[in-house]
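Notes follow the structure.
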């Protein structure tokens, strides 16, 4: 029983907007399965008193004051955009719904 | 699909079904800068003039949390009687939609900063005011999205658009999302309770000073979840989420509509689909949006670029000390101080004028006078202009000054109204309007005498009656003098002058 199914890989590819061919899904499903198994070995040695790690540094509460910092000009902000119109980033037709 | 004309009435719907509601409200914080970068949050700038590498998600940029936003989140949580997390993380909500340039939104997922609270709301019923306790599931921090402009389709809708234009000035502005626990109240009151909750929340947010919470500017946005279950059943039905219901009145209407629509569907044996729905202010209907289970695969994971937030308990207690008087307690106190009836107080609250009336009284006006102007001509003007009652150009100090001028005898009610209208029209302060329009009461005997003589001459029969002792006829002459002086005569002095002349 693989750790990740072929269908799950295809689903993730869809969510990530990756246009994978059928043979690519097969190929990646096998690779991802190995990766998950490898990571899964960590779970075998983790004791109950060790919380899952999300951050490598034991640091909390890094804040900045609510003070203005210089931002980019609209021109600079748009300079790297493939397309711009009326001071805005222009993107192709959106299929689907507002989030 | 049934249209609104074929739906059962609300009463018929709640005869067979019990609604369960859940409200999700987003509040845009009034911080100076964004959640994770120092860009301005000022409304109305040129597109993309308030962006930087961080809020544009450019490579190599790193977010840092705005301390004031965290303080605001904790204060909101405390004001909603929530517990404050001792340790919580941000999470990435991944989705592909160009309103976030990063392809994810930084939010909180399984570790909200505030959770498990409540707030009480009051609803008017036929049996008087009733209080309902609304459970608060959580309040968490996140960032706002950019604004999309859809080009080429009908009326700016996404459907049929050829392309879209993005302005990221709003992307990254701090948001607090406040989620209720399931709300189950007497079915007939459900829409009113939903509205009362959002009203209460708005007042609380304003009292905290963390946001102006102006719904018409999108500073406070409401999503309403509604499901139905057969009357008396215990397990919940399938819910829908009506998005962006952005006025108090719409909250009530949208909940009412969804209850009727779902009742019609269930009556006809149609299953409710778990989906988002769009609210249409113009028709009062909702239409289907995206289906939830397909779209909501956000693959949340802890945000690696932000360290956890672990508010020290003494900091939390210090923030608790900054909480304002709870709105409900404040309303009771002010009502007693002002001597208003429940009905009068409710009118003031519904007009959003509690603070304004309070400031007007502090500036020297009496309670009845303060209420009269704000709820009268000022509220009507605000309504006509589609603006807030505090945005039509008259201040509490102006209203108090008008009341003072009445008290001094410089103005009568009719003239005072013209003065207020002048201030509302942008003609200056009350004193400036009085001078410019020449509105002060005329009590100068020479000027009044001429008008009195004129009135007596014009109505000899009335004058004769008064000479004969019929004092009831004096009113007719006073009326004539008032007319001749454009309502500016001092009516009391006019009466004295008439009596002097006709009883000699």
task = Just need the relative contact order of segment B:339-495 here, percent rounded to a whole number, with Cα pairs under 8 Å and 6+ apart.
result = 16 percent
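When the Kirkwood radius is taken over all Cα pairs of segment B:445-502, what Stokes-Einstein diffusion coefficient follows at 20 °C and 1.002 mPa s, in µm²/s? Each step should come with its number before you reach the end.
On the way: Rh = 10.9 Å.
Translational diffusion coefficient: 197 µm²/s.
For the protein assembly as shown, what D do you get in µm² per second when you plug the Kirkwood radius from alpha-carbon pairs into Stokes-Einstein at 4 °C and 1.567 mPa s? Walk me through the intermediate numbers first.
Numbers: Rh = 28.8 Å.
So the translational diffusion coefficient is about 45 µm²/s.
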task = Determine, at each q value in 0.06, 0.07, 0.09, 0.12 (inverse angstroms), the log₁₀ of I(q)/I(0) that the Debye formula gives when each Cα of chain B is one equal point scatterer.
result = -0.41, -0.53, -0.77, -1.16
remark   = By the C-alpha gyration tensor axes a ≥ b ≥ c (rounded if a/c is under 1.5, else prolate when a/b exceeds b/c, else oblate), the shape of segment B:52-185 is oblate
key: Shape metrics for segment A:6-45, restricted to C-alpha atoms - Rg then Dmax, Å   = 11.8, 37
request  = Output the peptides A:7-20, B:38-51 sorted from most to least packed, where packing is the average of other Cβ atoms within 10 Å over each peptide's residues.
outcome  = B:38-51, A:7-20
key: Label point distance in nm, residue B:125-residue B:330, each placed 7 Å from Cα along Cα→Cβ   = 2.7 nm
request  = For segment B:327-437, compute Rh as the Kirkwood radius over C-alpha pairs and then the Stokes-Einstein diffusion coefficient at 10 °C and 1.306 mPa s; write the answer in µm²/s, rounded to an integer.
outcome  = 113 µm²/s
Cα centroid separation, segment B:55-100 to segment B:252-270 (Å) = 35 Å
message = Modelling each spin label as a point 7 Å along the Cα-to-Cβ direction, I'd like the residue A:67/residue B:404 distance in nm, to one decimal.
response = 4.0 nm
remark   = Under the 7 Å Cα-to-Cβ spin-label approximation, residue B:492 and residue B:233 lie apart by a distance in nanometres of 7.1 nm
ask   = In whole percent, what relative contact order does segment B:10-319 give with Cα contacts below 8 Å and a gap of six or more residues?
value = 25 percent
remark   = Note to self: Kirkwood Rh of segment B:1-81, Cα pairs, one decimal, Å, is 17.2 Å
key: Residue mean of other protein chain beta carbons inside 10 Å, B:160-173   = 3
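Residue by residue through A:51-63, how many Cβ atoms from other chains fall within 10 Å of the Cβ on average? Mind dumping the intermediate values first?
Numbers: counts 1, 1, 1, 9, 8, 1, 1, 2, 3, 9, 10, 7, 10.
Mean partner shielding for this stretch: 5.
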key: Packing-based ranking, highest mean first, of B:310-319, B:74-83 given that Cβ atoms within 10 Å are counted   = B:74-83, B:310-319
remark   = By the C-alpha gyration tensor axes a ≥ b ≥ c (rounded if a/c is under 1.5, else prolate when a/b exceeds b/c, else oblate), the shape of chain A is oblate
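Before rounding to the nearest 500, sum -39500 (n - 2.57) across all DSSP H runs of length at least 4 in chain B and divide by the residue total; then give [θ] at 222 nm in deg cm²/dmol.
For chain B, the value works out to -11500 deg cm²/dmol.
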ask   = Taking N as the number of residues in segment B:204-358, what value does Rg over Cα atoms divided by 2.2 N^0.38 Å take?
value = 1.41
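Please give the length that would be gained between residue A:53 and residue A:85 if that part of the chain were fully extended, namely 0.36 nm times their separation in residues minus their C-alpha to C-alpha distance (nm, one decimal).
7.1 nm
What's the Cα-based Rg to Rh of segment B:420-475, Rh via Kirkwood? Intermediate results must be reported in sequence, preceding the final value.
Details: Rg = 17.5 Å, Rh = 13.9 Å.
Radius of gyration over Kirkwood radius for segment B:420-475 works out to 1.25.
Since every read-out is calculated from the coordinates, none of them should be taken as a lab result. Nothing here was measured: the structure is a model prediction, and the numbers come from that model. Because the Cβ atoms are built from the backbone with ideal geometry, glycine has one as well, and the counts that use them run over all protein chains shown.
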